[in-house]
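Student: My questions all concern the structure below.
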Amino acid sequence: MIVELLVEIQREFKDFKLEVAFCAGDKTLGILGPSGSGKSMTLRAIAGLETPTRGQIVLNGRTLFDSKRGINLPSRRRRMGFLLQDYALFPHMTVAENIGFGLRHLSRHEAGKKVAEQMARVQLQGLEDRYPRQLSGGQQQRAALARALAIDPEALLLDEPLSALDIHLRSQMEALLIETLSAFRGVSLYVTHNLEEAYRISEEIVVISKGKEIALGPKEEIFRDPRTFTVAQVTGCKNFSRARLKSADEVEALDWGCQLRVCLPIPEGMDFLGIRAHHLSLSDAGGGVNTFPCGLIRMIEGPFRMTLYLKLLMPEAPFVHHHLQAEITREKWMSLKERPFPWYVRLDPERIMLLRKDSANG
Amino acid sequence: MEFSLAPLRVSVETSIVATGITFFLGLAAANWRTRTSGRCGPVMDTLFIVPLALPPTVVGYLLLLLLGRSSPLGKALESLGLQVLFSWPATLIAATVVAFPLMYLSARGALEQVNPSFLHAARTLGASEWTAFWKVALPLAWPGVLAGTILAFARALGEFGATLMIAGNIPGKTQTLPIAIFFAAEAGNMRQALAWVLITLGIASAALVAFNTWGRRRRGTLSGTRG
């Protein structure tokens, strides 16, 4: 059977317009976007909990929604497992009743067997008669996952399933989700605003911003070459400068007051360049390509990594609080901190991303 | 005048049946209202709640107009051979109309408080709107719905003005406890009035205790939310 979900929908409000079109196969598709970008609304529309203004949704050859043909299958007939951010376990039902909720059409015996199967799959045996409030956050999450999978869905929709969990539970749940998703034979969509989560869990990524789809492709490609300013921003890039073409392989970074050697080809209509904070390298020796003297404005200490706010010591650099934000390991910081100023920051040409301003089609 | 238990029977029957009717009508209206965002919502709201804001005599007067012989509805009823005014159905109608807003308001408030996530989850799990309502929304809204039911019952039991206007004071048929008490006291028959007052106190207290026990049992699994 072909596993495929085609989505091409528009939803119009007075002050917001959602417009997305993508296709998901058996690889997990991550929907990445800042909060309020319309990513959860997209998921709800696919699940049939929200009606798009126009467009169509087709799952494995079955039309779920088509505005032109007047088709709008109700949620209950779409066969989609939906894992919500707040789990939404029914508080008045036990864990077993929750998981069995979608199995009411089966005989008692069959439903019971299925519930037991699902409980075992998420390692909740023995907690059948507990109420959701008697479970830990991780157990609630697993119960919700079991409930969504119990109906044998054709697609699995996950709406920020990890965001309500403590950090140590999160990595456990993430591992369980990755395992579940890789075993799941069907379409799976994973909505998140967390770029690392999106990268770790999904294989393909759609980036949504302000209701518009601005990038779509394999995750490696999107993170390596975001192409537009907003995609770079959503995928976590911290350093941006307006850019102007100087020569065949050089651009001028207007906000940093320097000229940078870049890798070819330079895309048409480039307006910005960007470099990720962890791609900047620091040393106390000058010389070399794209290496500039800098001063340290401020340092924020993390448990494993340091964030340094740097000011470029270039005559043309505009007067601002800081120009660059660099992220280095603690070890690197230890070896660096005693060195005299100026330090030197290197912007590796391979790592510089040449970006267009946003365009609707990304 | 000989003491009779007829007003007790009329009152109990009227309040129970009126509470039953308002329970379902109020839930249906509240459920409909929580799903409607259109312009007719606020209009219907006013219509549903207005009996609460009006003096009972005004409600009685309007019901007289609505059910009287000169109205289309009254004519239709008459041609079917149904005598509504000044019969037990009129008592029931008066009690239902005044009790309805209390049930509607409480149920609406309670249903609006139900987190839509639960309903979303129910729908994606294959539940019809009917199942989602009875199995998920109603149990979660139960405390508020129960409060509405108690209020509706209390209001139906205490109904006086509108009942007197459209059902009158027919012993054994439309004479409820409040009406019996009023006429007994008017006639200076204070001992009889006191007997009915005590009976009314008894039913009201018993009903409240019963509702509360029932409600607590149903709500038992609901107390406390997710940890």
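The values are calculated or read from the model by the stated rules, or taken from the named source; none is laboratory data. What you see is a predicted model; the values in this text were computed from it and never measured. A quick note on method: Cβ atoms are made from the backbone with ideal geometry, for glycine too, and the neighbour counts reach across all protein chains shown.
Student: Of the conditions (1) at the interface with another protein chain (Cβ under 8 Å from one of its Cβ atoms); (2) outside any helix (DSSP H, G or I); (3) closer than 25 Å to B:Ala141 by Cβ, A:Arg147 satisfies every one except a single condition; which number is it?
Tutor: (2)
Student: Please enumerate the residues belonging to region A:105-144 that are within 14 Å of chain B (Cβ to nearest Cβ) and part of a loop (DSSP other than H, G, I, E, B).
Tutor: A:His105, A:Leu106, A:Leu127, A:Asp129, A:Arg130, A:Tyr131, A:Leu135, A:Ser136
Student: Taking A:Ala253 as the residue in question, decide whether it is surrounded by fewer than 14 Cβ atoms within 10 Å (Cβ to Cβ), over 28 Å from the mean Cα position of the chain (by Cα) and either more than 27 Å from A:Trp333 (Cβ to Cβ) or of a type outside the set (Phe, Trp, Tyr) (or both). Outline the logic, then answer.
Tutor: Details: surrounded by fewer than 14 Cβ atoms within 10 Å (Cβ to Cβ): no; over 28 Å from the mean Cα position of the chain (by Cα): yes; either more than 27 Å from A:Trp333 (Cβ to Cβ) or of a type outside the set (Phe, Trp, Tyr) (or both): yes.
When the stated conditions are applied, A:Ala253 does not pass them.
Student: Are there any pairs with C-beta distances below 8 angstrom linking a residue in region A:35-53 that is facing chain B (nearest Cβ under 10 Å) and more than 14 Å from A:Gln10 (Cβ to Cβ) to a residue that is assigned to a loop (DSSP other than H, G, I, E, B) and not hydrophobic (A, V, I, L, M, F, W, C), with the two at least 6 apart or on different chains, and if so which?
Tutor: From residues that are facing chain B (nearest Cβ under 10 Å) and more than 14 Å from A:Gln10 (Cβ to Cβ), the pairs are A:Arg44/A:Glu50; A:Ala47/A:Arg78; A:Gly48/A:Pro74; A:Gly48/A:Arg78.
Student: If you don't mind, there's one more thing I want to ask. For A:Ser281, are the conditions met, namely being more than 25 Å from the chain's Cα centre (by Cα) and part of a helix (DSSP H, G or I)?
Tutor: Working: more than 25 Å from the chain's Cα centre (by Cα): yes; part of a helix (DSSP H, G or I): no.
Criteria not met by A:Ser281.
Student: I'd like the full set of residues that are touching a strand residue (DSSP E or B) at 6+ places or on another chain (Cβ under 9 Å) and either farther than 22 Å from A:Thr42 by Cα or small (Gly, Ala, Ser) (or both), limited to region A:166-197.
Tutor: Here is the first cut: in region A:166-197, the residues touching a strand residue (DSSP E or B) at 6+ places or on another chain (Cβ under 9 Å) are A:177, A:180-181, A:184, A:186-195, A:197.
Listed by number, the residues that qualify are A:Thr180, A:Gly186, A:Ser188.
Student: Which condition number does B:Leu80 fail, the rest of (1) in contact with a strand residue (DSSP E or B) (Cβ under 9 Å, 6 or more places away or on another chain); (2) modelled with pLDDT under 95 being met?
Tutor: Going through (1) in contact with a strand residue (DSSP E or B) (Cβ under 9 Å, 6 or more places away or on another chain); (2) modelled with pLDDT under 95 one by one, B:Leu80 breaks only (1).
Student: Out of curiosity, is A:Gly38 in contact with a helix residue (DSSP H, G or I) (Cβ under 9 Å, 6 or more places away or on another chain), at pLDDT below 95 and buried (at least 16 other Cβ atoms within 10 Å of the Cβ)?
Tutor: Working: in contact with a helix residue (DSSP H, G or I) (Cβ under 9 Å, 6 or more places away or on another chain): no; at pLDDT below 95: yes; buried (at least 16 other Cβ atoms within 10 Å of the Cβ): yes.
Here the answer is no, as A:Gly38 does not meet what is asked.
Student: Can you name the number of the only condition in (1) aliphatic (A, V, I, L, M); (2) at pLDDT 95 or above; (3) touching a helix residue (DSSP H, G or I) at 6+ places or on another chain (Cβ under 8 Å) that A:Ala88 fails?
Tutor: (2)
Student: Further question on the same structure: Filter region A:79-104 for residues that are free of Cβ contacts under 8 Å to residues at least 40 places away in the same chain and more than 7 Å from chain B (Cβ to nearest Cβ) and give the result. Step through it out loud before you land on a result.
Tutor: Of all residues in region A:79-104, those free of Cβ contacts under 8 Å to residues at least 40 places away in the same chain come to A:92-94, A:96-97, A:104.
Correct list: A:Met93, A:Thr94, A:Ala96, A:Glu97, A:Arg104.
Student: Among the residues of region B:75-116, write down those that are within 14 Å of another protein chain (Cβ to nearest Cβ) and over 26 Å from the mean Cα position of the chain (by Cα). Write out each step before concluding.
Tutor: Residues of region B:75-116 within 14 Å of another protein chain (Cβ to nearest Cβ): B:110, B:113-116.
Within region B:75-116, B:Asn115, B:Pro116 meet the criteria.
Student: Does region A:58-70 contain any residue that is buried (at least 23 other Cβ atoms within 10 Å of the Cβ), within 14 Å of chain B (Cβ to nearest Cβ) and touching a residue at least 12 places away in the same chain (Cβ under 8 Å)?
Tutor: So far as region A:58-70 goes, yes, one or more of its residues are buried (at least 23 other Cβ atoms within 10 Å of the Cβ), within 14 Å of chain B (Cβ to nearest Cβ) and touching a residue at least 12 places away in the same chain (Cβ under 8 Å).
Student: Same structure, new question: Mind telling me which of the residues A:Glu316, A:Glu301 ends up being at pLDDT 90 or above and surrounded by fewer than 13 Cβ atoms within 10 Å (Cβ to Cβ)? Give the derivation first.
Tutor: On the way: A:Glu316 fails: at pLDDT 90 or above.
After ruling out the rest, the residue left standing is A:Glu301.
Student: A follow-up question, please. Going by the structure shown, is A:Thr28 within 23 Å of A:Thr235 (Cα to Cα) and of a type in the set (S, T, N, Q)? Explain how you work it out, then say what you get.
Tutor: Details: within 23 Å of A:Thr235 (Cα to Cα): yes; of a type in the set (S, T, N, Q): yes.
Against the criterion (within 23 Å of A:Thr235 (Cα to Cα) and of a type in the set (S, T, N, Q)), A:Thr28 qualifies.
Student: Any residue in region B:105-120 that is farther than 14 Å from A:Tyr87 by Cβ sitting within a Cβ distance under 8 Å of a residue that is assigned to a helix (DSSP H, G or I) and basic (Lys, Arg)? List the pairs, counting only those 6 or more apart or interchain.
Tutor: That search, which allows pairs on different chains as well, returns B:Arg108/B:Arg33.
Student: If a residue has to be touching a residue at least 12 places away in the same chain (Cβ under 8 Å) and outside any strand (DSSP E or B) to count, how many in region A:321-345 make the cut? Can you show your working first?
Tutor: Taking region A:321-345 as the starting set, the residues that turn out to be touching a residue at least 12 places away in the same chain (Cβ under 8 Å) are A:321-330, A:332-333, A:336, A:339-345.
Applying the additional criterion that residues be outside any strand (DSSP E or B) yields A:321-323, A:330, A:332-333, A:336, A:339-342.
So the answer is 11.
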